[in-house]
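The values are calculated or read from the model by the stated rules, or taken from the named source; none is laboratory data. Here the structure is a predicted model, which means the values were calculated and not measured. FYI the Cβ positions are ideal-geometry reconstructions off the backbone, even for glycines, and counts take in every protein chain you see. Please note that ligands, DNA and RNA were not included when accessible areas were found on the heavy atoms of the full protein model with its side chains. Shrake-Rupley method; radii C 1.70, N 1.55, O 1.52, S 1.80 Å.
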Amino acid sequence: MNTTVKNTAIDSALEEAIERYTRKNPESLRQHERAARHLPGGNTRTVLFYEPFPITLTSGEGAYVTSLDGGRYVDFLGEYTAGLFGHSDPIIRQAIDHALDRGIVLGGHTETESKLAEALCQRYPSIERLRFTNSGTEANVMAISTARAVTGREKIMVFEGAYHGGVLTFAGEGPLNAPFDFVRATYNDADRALALAAEHGNDLAAIIVEPMLGAGGCIPAERPFLAALREAADRHGAILIFDEVMTSRLSPGGLQALHEIAPDMTTLGKYIGGGLSFGAFGGREDIMRRFDPHLPGAFAHAGTFNNNILTMSAGLAAMTQVFTPDAATALTERGEALRHRLNALAQKAGAAMHFTGYGSLMTAHMQRGRIRAPQDAAGSNKQLRDLFFFDLLEHGVWFSRRGMINVSLPAGTAELAQLEAAVEEFMDSRATLLG
Ligand code: PMP
């Protein structure tokens with residue numbers, strides 16, 4: 001099939017899929033129209049929106065979510081990694097219940113925040129001290145601001161395609177980005193990063209990097225690239241920040257432990273609050289000491305909900321009793337095996353499609369060929385990706401429109417098998433479009 005004919009066939013297959021979707025989800029459409037009267041486009045979180053209208057969810061249980069139209073889906077979105085524990089973990093539930101019984105807006109120091117800090121410092125040894133925030137965005141803004149204040153420098157090296165939060169997005173222009181002085185480098189290009197670091201040397205406050213691009217398509221950093229960033233930061237006196245908001249789950253000590261590269265600062269978020277809103281930034285004691293209020297001239301960092309008792313309690317239970325180091329290792333192995341099986345299916349089908357990622361996080365790309373940076377995925381067929389999304393929804397698989405699949409703890413053998421069967425069916429039924 002030549003390209004034009006194929007693209008026309010993809011367009012009409014997608015049109016049919018969207019028609020079926022619209023017929024199947026009338027209540028969600030109605031709810032979307034109602035929401036749009038007060039929320040712009042019916043939406044308060046861009047990443048969850050998709051055309052023609054998103055499904056409205058009503059509940060979740062274990063590894064499943066249910067929609068307003070009565071659809072039941074196996075949850076491979078995993079709340080963009082914050083839903084690691086699924087929807088009804090009894091230990092986390094108990095911790096939240098227990099906290100509710102004792103008052104939730106105490107307005108003072110509690111033992112719980114100190115215990116959670118201790119658990120996290122043990123887990124991520126490069127984090128000698130840390131502070132809590134309410135989101136990953138806030139953690140990254142604080143880490144960058146800290147680096148600027150500590151070094152007295154302005155420039156922040158970031159990577160094209162990275163996502164560090166609502167005001168720190170580097171896929172495209174980012175018109176709402178915080179007005180820091182960014183220097184944009186290329187992911188997995190060590191030479192260019194070293195050259196840019198040399199060029200901006202004395203002005204460089206920080207280098208911030210995700211050890212695997214998450215929103216940017218689950219593209220793992222190569223170890224020599226991260227080692228070059230470590231070297232560049234050391235050489236020029238800049239602070240190396242690893243944004244492990246997503247990746248901290250990928251080994252007992254995050255990707256920094258796997259690669260044995262210690263950043264100066266780390267940011268955390270997502271699942272660590274047991275599914276409640278969470279963020280943290282931390283790192284070397286000599287940097288974080290600047291926040292010690294005993295000291296004259298200490299940085300002030302307030303935040304009404306930084307130590308909110310529900311998050312602290314859920315997070316402590318989650319990180320000490322549920323997502324233990326052994327659980328982290330086992331989940332990563334399960335995810336690795338799943339991605340290999342999905343790629344084997346694509347290879348067997350001869351499909352122009354593959355899955356990148358590491359451990360429990362992966363993204364489907366509608367193309368062949370190695371992807372080392374987001375630019376390498378620019379040729380991925382967007383219509384096919386949309387078709388993949390609607391086809392999998394029809395098979396009861398809930399995941400991200402951009403192709404991200406996240407394996408959560410309650411997703412067992414049956415759930416993984418359902419995903420694999422849906423992917424295989426897609427490859428069979430759409431074989432002529434995927435050739
Ligand atoms: N950093 C990374 C790597 C992320 O993936 C995200 C969220 N997708 C953030 C930061 C921002 O976290 P939050 O949504 O909690 O603000």
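Miscellaneous remarks
- Out of Ala206, Ala262, sole residue that is over 29 Å from His354 (Cβ atoms) and surrounded by 24 or more Cβ atoms within 10 Å (Cβ to Cβ): Ala206
- Gly269 being within 16 Å of the ligand (Cβ to nearest atom) and touching a residue at least 40 places away in the same chain (Cβ under 8 Å): yes
- Residues within the stretch 205-238 that are away from the ligand (no atom under 14 Å from the Cβ), closer than 30 Å to Arg401 by Cβ and outside any helix (DSSP H, G or I), tallied: 1
- One residue stands out among those in the stretch 314-346 that are in contact with a strand residue (DSSP E or B) (Cβ under 8 Å, 6 or more places away or on another chain) and polar (S, T, N, Q): the one that is nearest to Pro410 (Cα to Cα), which is Thr332.
- Failed item, numbered, when Ala215 is tested on (1) open to solvent by 20 Å² or more (accessible area, probe 1.4 Å); (2) over 19 Å from Ala373 (Cα atoms): (2)
- Screening Ala197 against (1) more than 13 Å from the ligand (Cβ to nearest atom); (2) surrounded by fewer than 16 Cβ atoms within 10 Å (Cβ to Cβ); (3) not in a strand (DSSP E or B) leaves a single unmet condition, (2).
- Filtered residues of the stretch 117-160 (kept if open to solvent by less than 10 Å² (accessible area, probe 1.4 Å), part of a loop (DSSP other than H, G, I, E, B) and not hydroxyl-bearing (Ser, Thr, Tyr)): Ile127
- Residues located in the stretch 162-184, provided they are β-branched (Val, Ile, Thr), within 13 Å of the ligand (Cβ to nearest atom) and part of a strand (DSSP E or B): Thr169
- Gly275 falls short on exactly one of the conditions (1) surrounded by fewer than 20 Cβ atoms within 10 Å (Cβ to Cβ); (2) within 21 Å of the chain's Cα centre (by Cα); (3) under 30 Å from Thr413 (Cα atoms), and that condition is (1).
- Which numbered condition Thr356 fails, given (1) over 28 Å from Gly71 (Cα atoms); (2) under 19 Å from the mean Cα position of the chain (by Cα); (3) surrounded by fewer than 23 Cβ atoms within 10 Å (Cβ to Cβ): (3)
- Looking across the stretch 319-335 at every residue that is hydroxyl-bearing (Ser, Thr, Tyr) and either outside any helix (DSSP H, G or I) or within 20 Å of the chain's Cα centre (by Cα) (or both), the one that is farthest from Leu258 (Cα to Cα) is identified as Thr324.
- Pairs, first within 7 Å of the ligand (Cβ to nearest atom) in the stretch 133-147, second open to solvent by 40 Å² or more (accessible area, probe 1.4 Å), C-beta under 8 Å, six or more apart: Ser135/Ser277; Gly136/Lys270; Thr137/Gly166; Thr137/Val167
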